[in-house]
Structures are given as structure tokens and as C-alpha cells.
Amino acid sequence: MSEMLYCEGCGAILQTTDQTKAGFIPSSALETGNRICQRCFRIKHYNEVIPIQMDEDEFLEILHSIGQTDNFVVQIVDLFDIDGTLISGLPRFIGHNPFILVANKIDLFPKSVKYEKIKHWLRKYVNEHGLFPEEIFLISAEKNIGLKEVIHYLEKEKGNRDVFVVGATNVGKSSFINQVIQILKGKQSHIELTTSRYPGTTLNVVRIPFIDGKDIIDTPGIVNHKRFSEWVGPKTLKAILPNKTVKPKVYQLAGEQTLFWGGLARIDQVGKTRNNFVCYLANGISIHRTKRENADEIYQKHLGELLKPPTIEEAKQLPPFAKHDFRFTGRNKVDIVISGLGWVAVDGEPTNIEVYVPKGISVHLRDALI
Ligand SMILES: Nc1nc2c(ncn2[C@@H]2O[C@H](COP(=O)(O)OP(=O)(O)O)[C@@H](O)[C@H]2O)c(=O)[nH]1
Ligand SMILES: [Mg+2]
């Protein structure tokens, strides 16, 4: 190949020599004018994935280069995993460039939630993490909610700048750009970035003509190794990522009880108190309530069967449980967040709570979101 060609789905440099490396395309396909690598083709048509390791240094270089010129930045976070997908170090990378925060996947929240309340909560939360976006938007890239507002804002405020879309892996960056281009150009656009539930789908920057001769630019995601989605096998991944509005599951616990979220997490109420535990997680994960004193035995006997996901095979790939201790003061409602899996909103009397998740996954407390 003389000139360099890039995959229109993931941004990798197209090559015809090594099937195991990014950007491979059979030469026959390339000759007929195709500009989609084999990996993107398979993700799109068969929902199959061929894992390719993204070089993290290469990626940080991309991010740093954003800060060296005049750009407008859109940071996307996943509303279902805010803590796991917020990049609080963003200003370090983008310098003085302005940015907005676009919180995606609002379609997963119960219909009754008040957008203004969530936005208010988010603003406070990101401010506390040292981020001061120009504006915050709640959207669903998939269900086309709130996209027009973002486009209007960009049209008005971006000035003579390219727009870089950044964020953690899997927050919906590519889905967002596909939808924006669809709204702006309709069927004229033949461009479709590859999207999938597997982290690491986009491999390089992809420039797409946007407004006023400027581009909108897709980027690979930053990997956060403390999220569930970075640890589990494909079957478990499918089960834990919600694809529909999440139905909160309410448990009234009356002392020394345990909730298992499949075999992925165990939440213990320690002490003889009365509490409400409202669980927000993918509808397909079954919750199993038991007496705390029996929890160990049930876990040993039934992991991968009664307690699933994970499947028995995929359970073997997960690290053993590690314990996280929390004190619920009873003063105001809190969420205990398990990164990439969901959260439990706790209300009621003061109590201690123990959470067990595979070692390496982040668990923490926050003010209740809903
Ligand atoms: N429920 C829901 N899922 C979404 C939405 N946007 C994207 N996704 C899903 O999130 C996953 C990652 O999307 P992708 O665009 O590839 O994310 P990227 O890695 O940030 O580019 C895919 O499985 C998408 O179907 C949304 O608005 N709602
Ligand atoms: Mg992507």
C-alpha cells in the first residue's frame, strides 16, 4: 500500500499483511474500495470481537495533543457508571480548551427521574472532582434523547474549532458521533463508526467533517481498570450491561441479611437494623436474599448456578472477593456504588454494611443520585 488508509469504523491504519494486528483487511476487499477493517466488519455483522490491545501511551499522546492546539472538547460519561467513567484529570490533558460534559444512557434511568435534579447532582459531583464544564447535558445516544440541544450548543459555542469527543471506554462516544452526524446529514452520510459493548472498539482518532469546515473527532477510550466491564468475560459482560430502563428492586431488610447480585457482588447488612436497600442494576441479574450466617456456604456451593452471572467458567477468571466496609449513618440516603455493575441506595437506621466484590473493582459511597 503506498498511501496510508484508515479504517472508517475504528481509525486503525489499514494493512493487508497481519491478520492478528489492528487494521487488517483482506487485499481483495481493499481493492473493491472497502475501508472497513475485518475486525469492525465482524463486530458490525456478527457481534463478534477480536481483542486487540490498545497501547495506552499512544492513547495518552492523542489526549495530550488535544491540549496543544485550539479545540473544543466533549467529555462523555456513562450515567450508569459515573464514578467509573468520569475523567477527573481531564484539564491536565486538554489545557485551557473549553469542554462540556455529556452524560449518556439516560434511557436506562426510571422514567420518573427529574432531569434537573440529576443535572444539579452531577454539577455538584463533578465540581467536587475538580471539573468545571461549560455546560452539562443528559442524553441517550441510542434513543436520540437530548442530542439536538448538544448540537445547538456546539453550533453556537464551538467557534472555529474542531470538536474532540473523549471519555472512558464504552461510554458511547462513537454512538454519540454517529447520531450527531445522522441528525446533521441524514442519509447523505455513509459514515458509521463501529460501536460495541466491548471496551476498546475504537483504536485511533477518526476525523469526520462536522460544521463550518471543522471536524468532529472520535477517540479511543481511557481504560479504567476498576470497572467490572474491564474484568469479566463476554457472557457476563452481556448480562451486566443494562440494555433497557432499569427497574429498581426494593428490599426491606430486618437485620443480619445478605443480598447476592448473581455471584458478582455480595452486600451484607451488619447488625439488627431495619433498612431499605434499593438495587439499581441490569434487570437480568437475579438478586438472592439470604441470612448473613448462611451466605458463605451458599456462595461456595452455588456460584455460577443459583448465583449467576457469572457462568461457572467465567467465574474462574474473576479474582476472589475482597471486602469493603461502610458505615451508614442514617442521616441521609446514600448510594453504595459498585463500578460498572450498579448501585444500592440505602435508607433507614444507622448500620454497618459490608460489600464483597472481585478484588480490584472499586466500591464507594456517594450521596443518593435518585
Ligand atoms: N442504553 C444505552 N446504551 C448505549 C447508549 N449509547 C451507547 N450505548 C451502548 O454502549 C456501548 C458502547 O458504545 P460505543 O459507542 O461503542 O462506546 P465508545 O467506546 O465510548 O465509543 C454499546 O454497547 C452501545 O450500544 C445509550 O444512549 N443508551
Ligand atoms: Mg468508540
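Is it true that R207 is surrounded by fewer than 18 Cβ atoms within 10 Å (Cβ to Cβ), under 25 Å from E230 (Cα atoms) and within 16 Å of ligand 2 (Cβ to nearest atom)? Spelling it out, it is not the case that R207 is surrounded by fewer than 18 Cβ atoms within 10 Å (Cβ to Cβ), under 25 Å from E230 (Cα atoms) and within 16 Å of ligand 2 (Cβ to nearest atom). Scanning segment 154-204 for residues being surrounded by fewer than 19 Cβ atoms within 10 Å (Cβ to Cβ), near ligand 1 (Cβ under 7 Å from one of its atoms) and within 23 Å of G89 (Cα to Cα) gives a total of 0. The residues listed here are T351, T290; of these, the one that is hydroxyl-bearing (S, T, Y), over 13 Å from F260 (Cβ atoms) and touching a strand residue (DSSP E or B) at 6+ places or on another chain (Cβ under 7 Å) is T351.
Being modelled with pLDDT of 95 or more, within 13 Å of ligand 1 (Cβ to nearest atom) and either of a type in the set (G, A, S) or over 21 Å from D57 (Cβ atoms) (or both) is a property that holds for G146. Restricting to segment 220-270, name every residue that is buried (at least 23 other Cβ atoms within 10 Å of the Cβ), of a type in the set (S, T, Y) and modelled with pLDDT of 90 or more. Across segment 220-270, the qualifying residues are T236, T258.
If you go through segment 320-370 one residue at a time, how many are in a loop (DSSP other than H, G, I, E, B), more than 19 Å from D81 (Cβ to Cβ) and in contact (Cβ under 8 Å) with a residue 12 or more places away in the chain? Counting residues in segment 320-370 that are in a loop (DSSP other than H, G, I, E, B), more than 19 Å from D81 (Cβ to Cβ) and in contact (Cβ under 8 Å) with a residue 12 or more places away in the chain gives 7. Considering segment 167-194, the residues that are out of contact with any Lys or Arg (no Cβ under 7 Å at 6 or more places or on another chain), under 16 Å from D78 (Cβ atoms) and at pLDDT 95 or above include one that is nearest to ligand 2 (Cβ to nearest atom), namely S174.
Taking the options I191, I240, I208, I217, name whichever one is of a type outside the set (S, T, N, Q) and in the same structural domain as D335 (by TED's automatic domain parsing). Give the steps one after another, and end with the answer.
On the way: I191 fails: in the same structural domain as D335 (by TED's automatic domain parsing); I208 fails: in the same structural domain as D335 (by TED's automatic domain parsing); I217 fails: in the same structural domain as D335 (by TED's automatic domain parsing).
From the options I191, I240, I208, I217, the qualifying one is I240.
Residues of segment 68-113 that are part of a loop (DSSP other than H, G, I, E, B), within 21 Å of C279 (Cβ to Cβ) and of a type outside the set (A, V, I, L, M): K105, F109, P110, K111, S112. Residue check: is R292 closer than 23 Å to V344 by Cβ, more than 12 Å from ligand 1 (Cβ to nearest atom) and out of contact with any helix residue (DSSP H, G or I) (no Cβ under 6 Å at 6 or more places or on another chain)? The answer is yes for R292. Scanning segment 278-309 for residues that are acidic (D, E) and modelled with pLDDT of 95 or more yields E293, D296, E297. Listed by first and then second residue, the pairs with beta-carbon distance under 8 Å, at least 6 apart or on different chains, first residue in segment 126-144 and in contact (Cβ under 8 Å) with a residue 12 or more places away in the chain and hydroxyl-bearing (S, T, Y), second assigned to a strand (DSSP E or B) and within 16 Å of ligand 1 (Cβ to nearest atom), are S140/N104.
Residues in segment 289-306 that are buried (at least 17 other Cβ atoms within 10 Å of the Cβ) and closer than 19 Å to L341 by Cα: how many? Count: 2.
For every residue, the table says whether it meets (1) within 18 Å of H190 (Cα to Cα); (2) surrounded by fewer than 19 Cβ atoms within 10 Å (Cβ to Cβ); (3) assigned by TED's automatic domain parsing to the domain that holds V205.
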{"position": "G9", "(1), (2), (3)": "yes, no, no"}
{"position": "T16", "(1), (2), (3)": "no, yes, no"}
{"position": "H45", "(1), (2), (3)": "yes, yes, no"}
{"position": "I62", "(1), (2), (3)": "no, yes, yes"}
{"position": "V74", "(1), (2), (3)": "no, no, yes"}
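Taking R92, is it basic (K, R), within 22 Å of R227 (Cβ to Cβ) and surrounded by fewer than 22 Cβ atoms within 10 Å (Cβ to Cβ)? When the stated conditions are applied, R92 passes them.
The values are calculated or read from the model by the stated rules, or taken from the named source; none is laboratory data. Everything quoted here is computed from the prediction, not taken from an experiment. Neighbour counts run over all protein chains shown; Cβ positions are idealised from the backbone, glycine included.
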